[in-house]
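Structure, as structure tokens:
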């Protein structure tokens, strides 16, 4: 009997330790996302964190974005190791990535990563693509990107995997 108890206890103890060391899942529901983006100002470009969590070896963030049709914005480049993954929820527009930013200038530190951002009036030599609801685009770190035109107001999510853990948790 004692021979059976030791392996069972060892398995139970190891399972308990593993359960404590793994991270729980974090839910961000469709209702959470809709309420968050609906509450963003409609007269400005908003890019704000819904949730940022420590996932053990990095941080990962889900950001909600509202961008009015009248404000496509400047071309931008983030000096960071954070990849951005856009998931279009509503609206459509033309996103240009790659190439070089014309008349690039520093815009200070990003509130999301505390690393430098750079901007300019447009991108030269980039790749343009039309994005609509349901589309996904992955923008590697330090790659210029720019909404060159918007067909309507747009709402989208940005997923930011952050290997350096620069994003503040929220």
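The values are calculated or read from the model by the stated rules, or taken from the named source; none is laboratory data. Just so it is clear, the structure is predicted and the values come from calculations on it, not from any experiment. Here the Cβ is made from the backbone with ideal geometry for all residues, glycine too, and neighbour counts use every protein chain on show.
Quick look at the values:
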{"quantity": "Residue within region 6-17 that is modelled with pLDDT under 95, out of contact with any strand residue (DSSP E or B) (no Cβ under 6 Å at 6 or more places or on another chain) and either surrounded by 16 or more Cβ atoms within 10 Å (Cβ to Cβ) or closer than 30 Å to residue 118 by Cβ (or both) present", "calculated": "no"}
{"quantity": "Failed criterion for residue 77 (all others in (1) under 18 Å from the mean Cα position of the chain (by Cα); (2) more than 20 Å from residue 169 (Cα to Cα); (3) modelled with pLDDT under 95 hold)", "calculated": "(3)"}
{"quantity": "Strands (runs of 3 or more DSSP E) completely within region 55-170 that count 3 or more residues being touching a residue at least 24 places away in the same chain (Cβ under 8 Å), exposed (fewer than 15 other Cβ atoms within 10 Å of the Cβ) and in contact with a strand residue (DSSP E or B) (Cβ under 7 Å, 6 or more places away or on another chain)", "calculated": "127-132"}
{"quantity": "Sole exception among (1) at pLDDT 90 or above; (2) surrounded by 17 or more Cβ atoms within 10 Å (Cβ to Cβ); (3) assigned to a loop (DSSP other than H, G, I, E, B) for residue 41, by number", "calculated": "(2)"}
